[in-house]
Each structure stands twice: as structure tokens, then as C-alpha cells.
């Protein structure tokens with residue numbers, strides 16, 4: 001299983017209703033600035049291959065530290081470990097988006113990127 005897939009699985013299990021959350025995420029996508037979306041894509045790229053994409057590699061360290069931690073967690077699938085992956089992933093993403101150097105990525109105490117629950121559901125494509 002890839003490092004990215006491991007992170008996405010942890011997110012899916014944490015959020016529960018994946019289909020509904022995906023529709024909300026699509027609406028969120030429409031509200032994000034192009035620069036933030038580009039940086040989010042860079043996070044996935046660095047998480048997948050471990051190679052910095054920024055001109056200053058220090059800007060990408062949070063994703064690399066998180067990727068290395070995920071690789072050490074391979075084979076551990078207890079619920080506590082999945083929550084740990086999820087919350088550390090949020091911490092890594094926050095540091096990555098802020099271009100903050102990180103020697104380690106600690107789990108957050110709450111969701112840093114909650115999806116709004118007051119959005120109307122998006123009608124399914126026909």
C-alpha cells in the first residue's frame with residue numbers, strides 16, 4: 001500500500017461517510033485559491049515520492065517527515081494508530097501549507113481542516 005493511500009484510508013475511516021464528505025470537499029475545492037490548491041497537490045506529490053518540490057527544500061520537510069513516519073507504521077492498523085495517522089497528517093499538512101520546517105510531526109488535538117456541515121448536499125451527476 002502506498003504512503004498516500006495509507007493517509008487517505010485513515011482520512012476515510014475518520015470521516016465515516018466518504019461519499020457525502022467527497023461532495024462537500026468538491027464544494028470546498030471551488031472556494032480554495034489556486035495557490036492553495038497547487039500547494040495541496042505538492043503535498044500529495046512529496047508524500048508519494050519523498051522528493052521535495054519547492055525551490056527551498058526546507059519548505060517541504062513536514063511532508064517528508066510525515067511520509068517517513070507513515071512508512072515506519074506499515075502493518076499497524078489498530079484504530080488508535082489510524083487516528084494517529086489522521087491527526088499527524090493534519091499537522092503535517094498545516095506545516096507544509098505554512099512552509100514551516102518540522103523535525104517531527106505531532107498529532108493535533110482536533111481537526112485543523114473540518115469540512116463545513118451546513119452546506120447543502122450537492123446533487124449527484126446525471
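Among the candidates 102, 92, which residue alone is at pLDDT 70 or above, more than 14 Å from residue 113 (Cα to Cα) and touching a helix residue (DSSP H, G or I) at 6+ places or on another chain (Cβ under 9 Å)?
Values: 92 fails: more than 14 Å from residue 113 (Cα to Cα).
When all the criteria are applied, what remains is 102.
Considering each residue of region 66-103, count those that are at positive phi and more than 17 Å from the chain's Cα centre (by Cα), and give that number. Spell out the reasoning first.
Taking region 66-103 as the starting set, the residues that turn out to be at positive phi are 75, 99.
Then drop every residue that is not more than 17 Å from the chain's Cα centre (by Cα), which leaves 75.
Going through region 66-103 one residue at a time, the tally reaches 1.
Being farther than 17 Å from residue 103 by Cβ and outside any helix (DSSP H, G or I) is the filter here; which residues of region 34-89 pass it?
Listed by number, the residues that qualify are 51, 53, 54, 55, 73, 74, 75, 76, 77, 78.
The values are calculated or read from the model by the stated rules, or taken from the named source; none is laboratory data. Given the structure is predicted, the values throughout are model-derived calculations rather than measurements. Cβ coordinates were reconstructed from backbone atoms using ideal geometry, including for glycine residues, and neighbour counts include every protein chain displayed.
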